[in-house]
Amino acid sequence: MYRFRDADKRVIYVGKAKSLRSRLNSYFADPKGLHPRTFQMVHTAASVDWIVVDTEVAALQLEYSWIKEFDPRFNVMYRDDKSYPYLAVTLDEEFPRVQVMRGAKRKGVRYFGPFSHAWAIRETLDLLLRVFPVRSCTKSVFNRSARIGRPCLLGDIGKCSAPCVGRVDAAEHRKLVEQFCEFMAGSSDKFVRRLESEMREAAAQQDFERAARRRDDIATLQRALEKQVVVLSEDTDADVVAFSEDELQVAVNVFHVRQGRIRGERGWIVDRPNGVTDADLVHSLCTQFYGGQTGADVPKEVLVPAVPEDGEALGEWLSQRRGSKVSVRVPQRGDKRALAQTVKRNADQSLQRHKLKRASDLASRSRALEELAEALELPQAPLRIECFDVSQLQGTDIVASMVVFEDGLPRKSQYRRFVVKGEGADDLSAMREVLTRRLRKIDTPPVTDDEGRAAKFAYPPQLLVVDGGAPQVNVADEVLASLQIDTVNVCGIAKRLEEVWLPGEDFPVILSRSSEGLYLLQRVRDEAHRFAIALHRKRRGQRVTKSVLDEIAGLGPQRRQALLRRFGSVKKMRAASVDEIASVSGIGPKLAEAIREGLARDADA
């Protein structure tokens, strides 16, 4: 185990390696070959110290302890993006209480969850208190009821066994609590079967009132169980992990599956340092998330998108914390893979919501525009930003997109798509053509009508963004110069390292990874890319679906679809007789003969 420290002796990075000499040699190699993240870390560090341990498992434990203690800035850190509510049972009290809890876990309390919303816990708890009437009141309410000798409303309506007034003693109440915990832990079928047996027994003894109570209890438990979706077999005890990432951040989602049911869900938005792989993210998640947990909190399986290099040691370390074998693996097929894909979709939505939340925040948008104006040395904040992106596949179906952001928000009514006219054009010539077609529409000053409204696209953007680096930026600058437009500022954003390029500059502008301005540029660029790729896929699909049927006179779209529904493919259609083709709705004998001849000509060609 080793630690890098800065000049102030603060720990900035924690790592582990089997060969410390090799690892440090990789850090202090030629700086030109280092990844930018590693370069920054090494040049921030002033010293390094290390501790030798016997096994990888011991190294994992020490890594967890150091990360928790020092909070190093260059390690991926998992911090909740919100405080998740849990259903908690205070087992350390004489009369345990069930309640909704948030924040850090404490000893002596058993937790179930996390849940997405506190109201979901309260609804479930309200149902279960009928079957398991355990204490749910605060200490002050409990003491007051004990003092006056009268239970609260829950005790009067049967949703509390009222230990405060001695209706049950501490041992009887704890037995109820244990049954409640057992049910929440997944042993639901056992309680349903027991209640069904008691109901039949009461009915046989003609104690219909007790039988009706048991019937209602069974219905209550079944309603509570319906809130927990069954996704896997009953013996499945797993956490399913998925990531959704961009160049700056990662959305992490974890579904907690116990006894085949989704018991809870948790998520984070974490900063993504450059060069961090999915396997690195999995390693950091496992060490930080499970490091402080033991027993049933650690599942039998951790299903992940990628297994880190020390996956075997990681599984052994988790096994020690659980007390039984834990496997860390990637689901390959079946229900577990399908569930992992569902978790991935949830992570995608979490990242999108996070981006939209940032974009809708007026203060963040204002700060982003001010940061861009300062970093790019613009005369004023760029209230109108236009971004261009080119999409192609080996020189075919070349298209481009233009997206417009005003005041930091997308103006979708002014988005435009371009079909590049030049055949065999590369990205630079395509960008030149598209920018020329757009910028010719600009009037300086803008021409307005009688009501003062500008003609469509007459106003120039304050900032023109191209997807790419120095070559694309220089092309944009050349187009502006050729059209004698000097009121538009240009920059480019390169995907790999999120560098911002300016015309004629040898080095890019590096914005802080926490910069609101960089977030805005990234979102503009991603939107332009999405818009362009959608048109490219549409045109490519139209070209691929063209067939010999398109060239047969009298065969319109509906008849083509009817033929394909009947035969499934052109190949099978060629093998069909004229009578079989004529049997399709809307196809007469003459048209069937024409189709047969057209297919035969195509086969001969």
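The values are calculated or read from the model by the stated rules, or taken from the named source; none is laboratory data. Since this is a predicted model, take the numbers as computed values, not measurements. Cβ placement follows ideal geometry from the backbone for every residue including glycine, while neighbour counts extend to all protein chains displayed. With ligands, DNA and RNA removed, areas are computed over all heavy atoms of the protein, side chains included. Shrake-Rupley method; radii C 1.70, N 1.55, O 1.52, S 1.80 Å.
The HN-Hα couplings worked out from phi for the range 200-215 by the Karplus form 6.51 cos²θ - 1.76 cosθ + 1.60 (θ = phi - 60°) are 5, 5, 5, 5, 5, 8, 6, 8, 5, 5, 5, 5, 5, 5, 5, 4 Hz, whole numbers, x standing for Gly and Pro.
Label-to-label distance for GLN561 and VAL48 is 6.5 nm, based on points extended 7 Å past Cα in the beta-carbon direction. Were the residues from LYS412 through GLU580 laid out at 0.36 nm apart, the gain over their Cα-Cα distance would be 55.5 nm.
Taking amide hydrogens as placed 1.01 Å from N in the peptide plane, the amide H of GLY264 sits under 5 Å from those of HIS256, each at least 5 positions away in sequence or on another chain.
Distance between the pseudo-spin-label points of ASP426 and ARG440 (7 Å out from Cα toward the beta carbon): 2.4 nm.
With each label modelled as a point 7 angstrom along the Cα→C-beta vector, the GLN380-LEU24 pair spans 5.7 nm.
Rounded to the nearest percent, how much of the accessible area of the chain (1.4 Å probe, protein heavy atoms only) is carbon and sulfur? Write out the running numbers ahead of the final one.
On the way: 15360 of 31670 Å².
C and S atoms contribute 48 percent here.
Solvent-accessible surface of protein heavy atoms, probed at 1.4 angstrom with all chains present, puts SER324, SER145 in the order SER324, SER145, largest first.
Take MET573: with every protein chain present and a 1.4 Å probe, its accessible area is about 0 Å². At what distance in angstrom do the alpha carbon centres of the range 556-583 and the range 276-354 lie from each other? Value for the Cα centre distance between the two parts: 50 Å. What pairs from LYS139/LYS175; LYS107/LYS336; LYS105/LYS139; LYS18/LYS344; LYS9/LYS68; LYS357/LYS412 go past 22 Å between their alpha carbons? Those over the limit are LYS107/LYS336; LYS18/LYS344.
Backbone amide hydrogens, once placed in the peptide plane, bring ASP389 within less than 5 Å of SER401, excluding anything fewer than 5 places away on its chain. The angle between the Cα long axis of helix 470-482 and the main principal axis of the chain comes to about 50°, on a 0 to 90 degree scale. The length gained by stretching the chain between GLU93 and ASP235 to full extension, at 0.36 nm per residue less their Cα-Cα distance, is 47.9 nm.
Solvent-accessible surface of the chain, averaged per residue with a 1.4 angstrom probe and all protein chains in place: 52 square angstrom. Multiplying the residue separation of ALA534 and LEU362 by 0.36 nm and subtracting their alpha-carbon distance yields 59.0 nm. In this view, the solvent-accessible surface of ARG5, computed with a 1.4 Å probe and all protein chains in place, comes to about 50 Å². Computed 3J(HN,Hα) for the range 371-386, one whole-Hz value per residue from the Karplus formula 6.51 cos²θ - 1.76 cosθ + 1.60 where θ = phi - 60°, is 5, 5, 4, 6, 5, 9, 6, 8, x, 8, 4, x, 6, 10, 10, 10, glycine and proline marked x. Placing R0 at 22 angstrom, the Cβ-Cβ distance between VAL141 and ALA219 gives a FRET efficiency of 0.15 after rounding to 0.05.
Applying the Karplus relation 6.51 cos²θ - 1.76 cosθ + 1.60 with θ = phi - 60° to the range 248-253 yields 3J(HN,Hα) values of 10, 9, 10, 9, 10, 10 Hz, where x marks Gly and Pro.
Among GLU56, GLU94, GLU499, the sequence by solvent-accessible area, most first, with a 1.4 Å probe is GLU94, GLU56, GLU499.
Less than 12 Å Cβ to Cβ from THR436, Lys/Arg counted +1 and Asp/Glu -1: what total charge do the surrounding residues give? Around THR436, the charge tally is +4. Under the criterion of Cα pairs below 8 Å and six or more residues apart, the relative contact order for the chain equals 8 percent.
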